[in-house]
């Protein structure tokens with residue numbers, strides 16, 4: 001049985017038991033709703049499985065309907081488990097560059113291993129100052145400065161040897177022209193310097209690699225527990241274990257075809273030389 005099926009059956013059982021308790025207590029929906037401080041329509045949705053009641057709702061209902069102690073404990077715990085599962089599957093969209101940096105910073109602060117996949121952009125932690133300012137060019141000035149300050153605090157974690165950072169880029173991320181050749185050359189050289197850090201691992205998926213799988217967008221994975229995905233209007237946070245495993249699987253598959261070590265250094269040097277040539 002799949003997780004969604006188990007969740008559906010658990011919700012049906014909760015609503016069915018609450019309805020049974022009211023029937024056995026010989027209370028009308030109107031009287032029960034009034035006694036527990038909710039509308040009759042809300043109670044009807046709960047009893048018909050259309051609305052997941054809050055834990056407080058369930059506590060009030062089982063008390064008002066004189067459920068046995070065993071039943072009270074069982075139904076309240078069932079509601080708690082259902083809410084925990086619903087929370088784990090929730091995708092939260094955070095808007096604004098500063099808010100995004102704050103959210104990621106809190107998640108990153110707890111992580112010992114952080115993985116990053118970027119397709120058309122250099123990861124924020126590895127961006128040069130000039131590159132970063134171009135990325136934030138369309139952000140309001142005040143928010144831009146706040147976002148930069150937040151990012152500087154995040155970058156300080158690269159100096160912590162107890163944390164591991166794994167970056168995976170497509171070759172497109174190195175060639176996507178965010179500015180003039182000099183800016184791009186500085187950015188490539190900045191990446192080369194990052195390779196010297198013992199807790200940083202950088203891989204690049206070259207254009208010529210046969211991948212065999214579609215990567216629809218970039219993402220970040222923190223300690224195999226949380227995934228964040230940046231979109232045009234904000235950042236989505238994903239915590240459902242099954243979803244996180246899918247992202248980990250995709251990351252591992254792409255990492256296997258990526259260049260590492262000397263292969264990355266050679267590619268970075270070649271692209272840097274290309275940016276030095278007069279156009």
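The values are calculated or read from the model by the stated rules, or taken from the named source; none is laboratory data. Not measured: the values here are computed from a predicted model. Note: ideal-geometry Cβ built from the backbone for every residue, glycine included; neighbour counts use all protein chains shown.
Pick from the range 163-197 the residues that are free of Cβ contacts under 8 Å to residues at least 40 places away in the same chain and not in a helix (DSSP H, G or I): which of them is surrounded by the fewest Cβ atoms within 10 Å (Cβ to Cβ)?
Ranking the candidates gives 196 first.
Grab the helices (runs of 4 or more DSSP H) fully contained in the range 20-74, keeping just those with 3 or more residues being under 17 Å from residue 10 (Cα atoms) and assigned by TED's automatic domain parsing to the domain that holds residue 84.
40-47, 55-64
I'm checking my understanding of the structure. Among residues of the range 75-96 that are within 15 Å of the chain's Cα centre (by Cα) and outside any loop (DSSP other than H, G, I, E, B), which one is modelled with the highest pLDDT?
For the range 75-96, the residue satisfying everything is 87.
Whether any residue in the range 225-237 is surrounded by 14 or more Cβ atoms within 10 Å (Cβ to Cβ), modelled with pLDDT under 85, in contact with a helix residue (DSSP H, G or I) (Cβ under 6 Å, 6 or more places away or on another chain) and not in a helix (DSSP H, G or I) is what I want to check.
Taking every residue of the range 225-237 in turn, at least one turns out to be surrounded by 14 or more Cβ atoms within 10 Å (Cβ to Cβ), modelled with pLDDT under 85, in contact with a helix residue (DSSP H, G or I) (Cβ under 6 Å, 6 or more places away or on another chain) and not in a helix (DSSP H, G or I).
Go through the range 120-147 and report how many residues are assigned to a helix (DSSP H, G or I) and either closer than 17 Å to residue 186 by Cβ or touching a residue at least 24 places away in the same chain (Cβ under 8 Å) (or both).
Qualifying residue count for the region: 14.
Just a yes or no: is a residue in the range 10-27 buried (at least 17 other Cβ atoms within 10 Å of the Cβ), within 27 Å of the chain's Cα centre (by Cα) and either under 30 Å from residue 238 (Cα atoms) or modelled with pLDDT of 95 or more (or both)?
Yes: one or more hits.
Name the one entry in 205, 200 that is within 20 Å of residue 132 (Cβ to Cβ) and at pLDDT 95 or above.
None of the other options fit; the residue is 200.
Can you spot a residue in the range 226-235 that is under 12 Å from the mean Cα position of the chain (by Cα) and over 14 Å from residue 116 (Cβ atoms)?
Yes, the range 226-235 has at least one match.
Could you tell me whether residue 246 is assigned to a loop (DSSP other than H, G, I, E, B) and under 24 Å from the mean Cα position of the chain (by Cα)?
In short, no.
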